[in-house]
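Notes follow once the structure below has been shown.
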Amino acid sequence: MVLTWRSLLRTPSSNTSDSWKAALRPPPKDLRPQTEDVTATRGLEFEDMDLRRELLMGIFEAGFEKPSPIQEEAIPTALTKRDILARAKNGTGKTAAFVIPSLQQVDVNKRKIQALLLVPTRELALQTSQVCKTLGKHMGLQVMVTTGGTTLKDDILRLSESVHVLVGTPGRILDLAGKGVADLSECPVFVMDEADKLLSAEFSPVMEQLLSFLPVDRQVMLFSATFPMIVKDFKVGNFPTTYLLMLIVARTNTCAHHMRSTSWMNLPFVVSLSIMLMSRSDKKFTVSTHSSPRYVRYAMIMS
């Protein structure tokens, strides 16, 4: 019999079992109506993802009960350290979909920045850093947020201490990296939330420069609610032969499919086609392996 992390927790001889959950204090259950792009899951549990116990504690105390579709598909793939290009609407659990695998890969005993999470605005940086702190509250990790509008001196002092997860806006992060204050040379995880905005004409040159401070074998995760062609150009230009995961979470007006397609194809063609199809959320596309009424789930493509 193959023992999994979850089965070990349920072994009678284990003194851990599921009793750790009883000590948690989750918030009151959210009883507001939810749409299918949050509820139409395949039944995967957070405990099926081989996440650390401390991280699971933070997830459940934050009120997460089950993964949403974007979390259900993105987290296991991200944990294999593959690059991800994911599209999902705001409000579908997109932030946790990249925060959870980012935190899972952090070694708190290592005094290095191990996850860089970039966002386009100060407000989103503060929100994202709070999600990191909430989900990682039992892990003992250090989260820092830095944006324009704050004094550089404070950031320099903070970075002289241990920082495991760095959240911020592109200009400030580039400034700190360029001065040698933020050492990204051993940062294995690079996330861009609202990638469509981060790759706009305003930020695109900064993003290209930031990549040069990261290790060659870094993992890149791009998340956004929309994907203009500039996202395709950035993805193809910077990592043309990597594994590409396209996640679609969109309602349709007619009966659609719960989609999953894995194939070896020409990446520029696939990305261009996927972006075109994603812009037409009232149509179904790719090969389906599951059916779900009125719902487009995802397409997974390997290049």
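The values are calculated or read from the model by the stated rules, or taken from the named source; none is laboratory data. Remember, predicted model here, so these are calculated numbers, not experimental data. Don't worry about glycine lacking a Cβ; one is built from the backbone with ideal geometry, like all the others, and counts go over all protein chains shown.
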> Taking the stated definitions as given, is L135 closer than 30 Å to P26 by Cα, of a type outside the set (G, A, S), modelled with pLDDT of 95 or more and in contact with a Pro (Cβ under 9 Å, 6 or more places away or on another chain)?
Replying inline: no
> Restricting to region 115-130, what's the tally of residues that are touching a strand residue (DSSP E or B) at 6+ places or on another chain (Cβ under 6 Å) and either of a type in the set (K, R) or outside any helix (DSSP H, G or I) (or both)?
Replying inline: 5
> Mind checking which residues of region 144-173 are buried (at least 20 other Cβ atoms within 10 Å of the Cβ), of a type outside the set (G, A, S) and more than 14 Å from K112 (Cβ to Cβ)?
Replying inline: V145, T146, T147, D155, V167, T169, P170, R172, I173
> What number of residues in region 142-187 are in a helix (DSSP H, G or I) and touching a helix residue (DSSP H, G or I) at 6+ places or on another chain (Cβ under 9 Å)?
Replying inline: 13
>> Of everything in region 65-87, what is part of a loop (DSSP other than H, G, I, E, B), closer than 17 Å to S102 by Cα and not hydroxyl-bearing (S, T, Y)? Give them in sequence order.
In response: P67, L79, K81, R82, D83
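Residue-by-condition table, conditions (1) within 19 Å of the chain's Cα centre (by Cα); (2) at pLDDT 95 or above; (3) at positive phi:
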{"site": "P170", "(1), (2), (3)": "yes, no, no"}
{"site": "L184", "(1), (2), (3)": "yes, yes, no"}
{"site": "E202", "(1), (2), (3)": "no, no, no"}
{"site": "E208", "(1), (2), (3)": "no, no, no"}
{"site": "F213", "(1), (2), (3)": "no, yes, no"}
{"site": "Q219", "(1), (2), (3)": "yes, no, no"}
{"site": "L222", "(1), (2), (3)": "yes, no, no"}
{"site": "T226", "(1), (2), (3)": "yes, no, no"}
> If you go through region 200-215 one residue at a time, how many are part of a loop (DSSP other than H, G, I, E, B) and either acidic (D, E) or under 21 Å from S129 (Cα atoms) (or both)?
Replying inline: 3
> If you go through region 42-63, how many residues are touching a Ser or Thr at 6+ places or on another chain (Cβ under 7 Å) and farther than 17 Å from S102 by Cβ?
Replying inline: 0
> Can you name the residue in region 62-98 that is touching a Phe, Trp or Tyr at 6+ places or on another chain (Cβ under 7 Å) and among the basic types (K, R) and, of all such residues, is surrounded by the most Cβ atoms within 10 Å (Cβ to Cβ)?
Replying inline: R87
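Residues checked against (1) of a type in the set (D, E, K, R); (2) in contact with a Pro (Cβ under 9 Å, 6 or more places away or on another chain); (3) within 30 Å of L44 (Cα to Cα):
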site: T92; (1), (2), (3): no, yes, yes
site: L152; (1), (2), (3): no, no, no
site: E161; (1), (2), (3): yes, no, no
site: F190; (1), (2), (3): no, no, yes
> Considering region 98-114 alone, what residues qualify as being assigned to a loop (DSSP other than H, G, I, E, B), more than 18 Å from L214 (Cα to Cα) and either touching a strand residue (DSSP E or B) at 6+ places or on another chain (Cβ under 6 Å) or touching a residue at least 40 places away in the same chain (Cβ under 8 Å) (or both)?
Replying inline: V108
>> I want to confirm something. Restricting to region 35-51 and keeping residues that are at pLDDT below 80 and not in a loop (DSSP other than H, G, I, E, B), which single residue is nearest to Q71 (Cα to Cα)?
In response: V38
>> Here is a check on your reading of the model: is L117 of a type outside the set (S, T, N, Q), surrounded by fewer than 16 Cβ atoms within 10 Å (Cβ to Cβ) and closer than 24 Å to G171 by Cβ?
In response: no
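Confirm whether K133 is assigned to a loop (DSSP other than H, G, I, E, B), closer than 20 Å to L79 by Cα and either over 22 Å from the mean Cα position of the chain (by Cα) or not polar (S, T, N, Q) (or both).
For K133, the condition - assigned to a loop (DSSP other than H, G, I, E, B), closer than 20 Å to L79 by Cα and either over 22 Å from the mean Cα position of the chain (by Cα) or not polar (S, T, N, Q) (or both) - is not met.
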